[in-house]
Ligand SMILES: NC(=O)c1ccc[n+]([C@@H]2O[C@H](COP(=O)([O-])OP(=O)(O)OC[C@H]3O[C@@H](n4cnc5c(N)ncnc54)[C@H](O)[C@@H]3O)[C@@H](O)[C@H]2O)c1
């Protein structure tokens, strides 16, 4: 039975996962190496709780109970000791993920399950960093986590049926729908999304249209809720570029990152989180 969830990484995704975890009734510890990231995560999570009350989606007492279930820490070793499930949401870099999985494997109870929120990487390879590959799985949340309905669950080669069932139940208790698929680079959603987003950058580079025109065409013509540039700014251009590099390496030429995307990342235009990506957010809310 899962009672205590530890979320590692309090960035764009980790803070959202910690919110749905605490709101779903799990005792939750959000861990990061950076104190300032945890402070900014706490502010954002508290404002999501406030908004849920203001919209009558949550009672005041449920909000207070949810907030009381949530704690923040820079000590992964200590947090792992009491965990039933650890969900990793650190940057999409294999060496960072490896270090996290080795640490939690050494300190979490033997019964603890591990999930990675990787967008593209192999849960089988991530599981190989531990001595419990049958308890490791990918739990792919979407941004913004508190609004998006799906958790895409990806089984690694050695993931047990029991682990997949437990993780489906956890996601459902967090208020999510699940789709459980087999491992292949990019799974279902990241593969399609990276391809569309990359193609939009090639179009921009070729001068086909402005970001506004391309986004409008895709939204109104293809009935997408967001344009590819709006989505890239939300996801983070660095995160998108990392995904594409991985898919390019694994699946070939079709996924070669657009040079313009690489240039935006080099310029530090990473999207909403830095105030400027394809669009400029510095004067907007
Ligand atoms: N951004 C998205 O829309 C999105 C969607 C689905 C999945 N993902 C995946 O989720 C993961 C996290 O992405 P993100 O966009 O939230 O990244 P982010 O850069 O916003 O946040 C990463 C956080 O991890 C922390 N961190 C780095 N090293 C750490 C360590 N050793 N221990 C603890 N914390 C550490 C950083 O301080 C930062 O707060 C990635 O694997 C990404 O591919 C991202």
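The values are calculated or read from the model by the stated rules, or taken from the named source; none is laboratory data. Note that the structure is a prediction, hence the values are computed from the model and not measured. As a convention, Cβ positions derive from the backbone with ideal geometry for all residues, glycine included, and neighbour counts pool all protein chains shown.
Listed by first and then second residue, the pairs with beta-carbon distance under 7 Å, at least 6 apart or on different chains, first residue in the stretch 226-238 and without any contact (Cβ under 8 Å) to a residue 40 or more places away in the chain, second part of a helix (DSSP H, G or I) and within 12 Å of the ligand (Cβ to nearest atom), are 228/197; 231/197.
Only one entry in 200, 164 is more than 15 Å from the ligand (Cβ to nearest atom), part of a helix (DSSP H, G or I) and touching a strand residue (DSSP E or B) at 6+ places or on another chain (Cβ under 7 Å), namely 164. Residues in the stretch 3-14 that are touching a strand residue (DSSP E or B) at 6+ places or on another chain (Cβ under 7 Å) and outside any strand (DSSP E or B) were compared, and the one that is farthest from the ligand (Cβ to nearest atom) is 3.
Being surrounded by 15 or more Cβ atoms within 10 Å (Cβ to Cβ) and either in the same structural domain as residue 177 (by TED's automatic domain parsing) or part of a loop (DSSP other than H, G, I, E, B) (or both) is a description that applies to residue 18. Do we find that residue 54 is surrounded by 15 or more Cβ atoms within 10 Å (Cβ to Cβ) and at pLDDT 95 or above in this structure? For residue 54, the condition - surrounded by 15 or more Cβ atoms within 10 Å (Cβ to Cβ) and at pLDDT 95 or above - is not met. What are the residues in the stretch 220-249 that are within 15 Å of the ligand (Cβ to nearest atom), buried (at least 20 other Cβ atoms within 10 Å of the Cβ) and in a loop (DSSP other than H, G, I, E, B), if any? Hit for the stretch 220-249 is 236, nothing else. Considering only residues that are over 21 Å from the mean Cα position of the chain (by Cα) and in a helix (DSSP H, G or I), look in the stretch 250-261 and name the one that is farthest from residue 13 (Cα to Cα). It comes out as 253. Within the stretch 120-135, is there a residue that is surrounded by fewer than 21 Cβ atoms within 10 Å (Cβ to Cβ), within 18 Å of residue 30 (Cβ to Cβ) and at pLDDT 95 or above? There is no residue in the stretch 120-135 that is surrounded by fewer than 21 Cβ atoms within 10 Å (Cβ to Cβ), within 18 Å of residue 30 (Cβ to Cβ) and at pLDDT 95 or above.
Suppose the filter is touching a residue at least 60 places away in the same chain (Cβ under 8 Å) and closer than 24 Å to residue 244 by Cβ; does residue 96 pass it? Spell out the reasoning first.
Numbers: touching a residue at least 60 places away in the same chain (Cβ under 8 Å): no; closer than 24 Å to residue 244 by Cβ: yes.
No: the conditions fail for residue 96.
Residue 232 satisfies every condition listed in (1) at pLDDT 95 or above; (2) closer than 21 Å to residue 281 by Cα; (3) out of contact with any strand residue (DSSP E or B) (no Cβ under 8 Å at 6 or more places or on another chain) except (3).
If you go through the stretch 21-40 and keep only what is within 13 Å of the ligand (Cβ to nearest atom) and either under 14 Å from the mean Cα position of the chain (by Cα) or assigned to a strand (DSSP E or B) (or both), you end up with 29, 30, 31.
Taking the conditions (1) in contact with a helix residue (DSSP H, G or I) (Cβ under 8 Å, 6 or more places away or on another chain); (2) on the phi < 0 side of the Ramachandran plot in turn, residue 249 satisfies each one other than (1).
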